[in-house]
Amino acid sequence: MPESLPPDRFDEMRRQWIAFRQGDSLIQRRRAEQLGRIVRMRQRIHTVAVPDPHDDTVLPRIFWRRAHSPFSKFEVVMALVLGALIPFGWPAGVLLKAAITAHIPGTLRAYPIAALVWSGVGLGVLTVLAYELVYDPAGSFAQIAVLPWLSMQLAAVPFVAGIYGLLEGWLAIDGSDTWWPLTPVQQPLTAEDAAAILGAYDITGPGVVDAKPLNEAGPRTRP
């Protein structure tokens, strides 16, 4: 059981962030339930208290559940549109997201949402500018439509990875809104640092005669 659990990547903090902001989104509700299941599995391993196993139920994937509410139907339509626009950039962004989260909390202390989103925006702007320079109204269909579509896939990779970081609750972790939140390098502990933390080492040995408290001060009496 412990071998099958992924490392704790601030799961409880992210779950609370998602659950508080999920609203009517069933996609976000599923993400919160998945993180909650992992948190409860750790609790069963490390503590005596056993959470309610009925809480481990998780909503099925978006295309395997019925869309009853208007918002759930909107989510299905949005997923279909994105799948048609960026069929290559979307899976590549998911792979990039998985590769980045594998370095948390080791090399990275948070998820670089700002770096990924702005990298996607920058690639999109460069794509538009390059397309304006080479655009030919009399060009072929591949030049007019297919080339911009393929360029969109490249710009979508970091942008999708950044949006996934936002949806998976990484804003609850300090540093996720910075450009590249590296984990600070641990400095070696010197003898001076240890003395400042623990106090100086007392080398005074035990006394020969046990110390006793002095008599209390008072008026002298005749012997």
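The values are calculated or read from the model by the stated rules, or taken from the named source; none is laboratory data. Just so it is clear, the structure is predicted and the values come from calculations on it, not from any experiment. Positions of Cβ are generated from backbone atoms using ideal geometry, with glycine treated the same way; all protein chains shown enter the neighbour counts.
If you take the residues in region 99-112 that are more than 19 Å from ALA155 (Cβ to Cβ) and β-branched (Val, Ile, Thr), which one is modelled with the highest pLDDT? Across region 99-112, the extreme among qualifying residues is THR101. The residues in region 153-184 that are farther than 18 Å from ALA99 by Cα and of a type in the set (Asp, Glu) can be counted, and the count is 2.
Remark: ALA156 matches the filter, which requires a residue to be assigned to a helix (DSSP H, G or I), in contact (Cβ under 8 Å) with a residue 40 or more places away in the chain and assigned by TED's automatic domain parsing to the domain that holds VAL121. Report yes if VAL94 is among the hydrophobic types (A, V, I, L, M, F, W, C) and within 17 Å of LEU166 (Cα to Cα), otherwise no. Yes; evaluated as a whole, the condition is true for this residue.
If the condition is being surrounded by fewer than 19 Cβ atoms within 10 Å (Cβ to Cβ) and closer than 19 Å to ALA102 by Cβ, then region 12-25 contributes only MET13. Out of the residues in region 42-89 that are β-branched (Val, Ile, Thr) and not in a helix (DSSP H, G or I), state the one that is modelled with the highest pLDDT. Here the residue is ILE86.
Name the one entry in ALA79, ALA98, ALA84 that is free of Cβ contacts under 8 Å to residues at least 40 places away in the same chain, aliphatic (A, V, I, L, M) and over 29 Å from PHE20 (Cβ atoms). The unique qualifying residue is ALA84.
In summary, VAL39 fulfils each of the numbered conditions (1) modelled with pLDDT under 90; (2) at negative phi; (3) loosely packed, with under 11 Cβ neighbours inside 10 Å with the single exception of condition (3).
Which residue is surrounded by the most Cβ atoms within 10 Å (Cβ to Cβ), if the candidates are limited to region 136-174 and must be among the small types (Gly, Ala, Ser) and modelled with pLDDT of 85 or more? Checking each candidate, the answer is ALA161. Within the set LEU126, LEU96, the sole residue that is surrounded by fewer than 17 Cβ atoms within 10 Å (Cβ to Cβ) and either at pLDDT below 90 or closer than 25 Å to GLN34 by Cα (or both) turns out to be LEU126.
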